[in-house]
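Data first, discussion second: the structure below is written as structure tokens.
The values are calculated or read from the model by the stated rules, or taken from the named source; none is laboratory data. Every value quoted in this text rests on a predicted model; they were computed, and no experiment measured them. Cβ sites come from the backbone with ideal geometry, for glycine too, and all protein chains shown count toward neighbours.
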Amino acid sequence: MPIDGNDDQFLALMGLGAKSGKKSHYPELKRRLSELERMRDLLDQARDAIFLLSLPEEIVEYQNEAALGLLGLVRTPEKRLLQECLKTSQGASLSLFSLFPSLSSEEQRKIVPLLTRNGTRRFEASFQAAVEGGRTSGILILRDQEERIAIQEQLAASLKAVEEARMKTVRLTAAMVEMKDSYTGKNQRQSARLAHEIGLRLELPKPGIDDLVIAALLHDVGMMGVPTEILCIPGPLRPVDRRLMQEHAAIGRDILAREGFPESISLAVLHHHERMDGSGYPDGLKGEAIPLFARIVGVADVVEAMLSHRPYRPAHSREEVLRELEEHRGTLYDSRTAEICISLLMEGFSVAEDAGSSD
Ligand SMILES: [Fe+2]
């Protein structure tokens, strides 16, 4: 579409003066008009809706073909306000100010639903203002993002469904462990509460905390492979029974790995009885060679077990647990995790899932 005499504003908005009356400037003006025509052609070929605006009145000085097509507008000989072009999903007029209250020269972006001739669609609106020669102008670009956002929402819904199915599996598995041994089942749930708090205080990312909680919820899942007679032995175990009991760590890892759980979870289960000085099992790992989740679950497991009653012994007092953590942090227990547990217990945190502030 050629540039014509009605395009003074367009020329000004593109940073060029209107037509010059001086003949000596004619070749230069002709060249720049030709450039402008090419630029306008380019703008008209763009798939995004583009508006060039006079501000603060929000007068549309130019809109490209995509703006007309996407928003179902009819080209008019007279200029109009932007709010005559933009409609909310309810059909109400939408001003630029309501989208971008500040006329910043920095590019601003937001997602905005707009009524189009194909119904309401979500656009990414980007806006940038400029002041030149005492006049303020702006460019508003609308990119149709409906398909992309819809796909993202479908993906998010699918991921949520998968995550819910995974958590159902976790809870079902934990319940099966509890059916075999109620103390182990309760220990897993309450350890998971504590591990969750530790994860929050370590400022782990949300997905990491989720995996940590799953690891804690299932850390003794391998007990399913330990003979019930051994689980029922009160008090100290004979060496042969102890070895069988210790097998639960590797059995648990194998179950979770076979079911496709992430390695961070299956390794936490495998190593939750390792100790910082290498005195634990199954591999006698030391220090940071023990995966972080295993160190956390290991401490949460000990704290929960000490605070809980067993048929062969009463629950330890909070003071006894604090002493255990103080004495062995860094040697048996991960220092940072032990410190967090000490803080939590001093603050009155209770591992009991049905409790208030005391055990
Ligand atoms: Fe265990």
| message | Against the conditions (1) at pLDDT below 55; (2) surrounded by 15 or more Cβ atoms within 10 Å (Cβ to Cβ), where does N6 fall short? Just the number, please. | response | (2)
| message | Being more than 12 Å from the ligand (Cβ to nearest atom) and more than 30 Å from T228 (Cβ to Cβ) narrows it down to one residue among R313, R329; which is it? | response | R329
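Residue-wise test of (1) modelled with pLDDT of 95 or more; (2) in the same structural domain as S182 (by TED's automatic domain parsing).
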site: G280; (1), (2): yes, yes
site: S308; (1), (2): no, yes
site: P311; (1), (2): no, yes
site: E353; (1), (2): no, no
| Residue satisfying all of: in the stretch 300-310; touching a Lys or Arg at 6+ places or on another chain (Cβ under 9 Å) and not acidic (D, E); farthest from the ligand (Cβ to nearest atom) among these | L307
| query | Out of all the residues in the stretch 55-77, which are touching a Gly at 6+ places or on another chain (Cβ under 9 Å) and part of a strand (DSSP E or B)? | reply | L55
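At least 3 residues that are within 16 Å of the ligand (Cβ to nearest atom) and surrounded by 16 or more Cβ atoms within 10 Å (Cβ to Cβ) in each: list the helices (runs of 4 or more DSSP H) lying fully within the stretch 146-233 that qualify.
Ranges flagged: 146-180, 182-201, 206-217.
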| said: Just the residues that are part of a strand (DSSP E or B), surrounded by fewer than 18 Cβ atoms within 10 Å (Cβ to Cβ) and not hydrophobic (A, V, I, L, M, F, W, C), please, taken from the stretch 102-121. | reply: Q108, R109, K110, P113, R117, G119, T120
| task | Would you mention how many residues in the stretch 276-290 are surrounded by fewer than 21 Cβ atoms within 10 Å (Cβ to Cβ) and either of a type in the set (A, V, I, L, M, F, W, C) or not in a helix (DSSP H, G or I) (or both)? | result | 10
| query | Any residue at all in the stretch 256-275 that is farther than 19 Å from E163 by Cα, more than 12 Å from the ligand (Cβ to nearest atom) and either without any contact (Cβ under 8 Å) to a residue 60 or more places away in the chain or assigned to a helix (DSSP H, G or I) (or both)? | reply | yes
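Out of curiosity, is M245 within 14 Å of the ligand (Cβ to nearest atom), of a type outside the set (D, E, K, R) and modelled with pLDDT under 95?
Judged against the criteria, M245 is a match.
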| query | In the stretch 98-128, what residues are touching a Ser or Thr at 6+ places or on another chain (Cβ under 8 Å) and at pLDDT 90 or above? | reply | E107, Q108, R109, P113, L114, L115, T120, Q128
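Of these, R336, R253, which one is within 14 Å of the ligand (Cβ to nearest atom), under 28 Å from the mean Cα position of the chain (by Cα) and not in a loop (DSSP other than H, G, I, E, B)?
One residue alone meets the criteria, R253.
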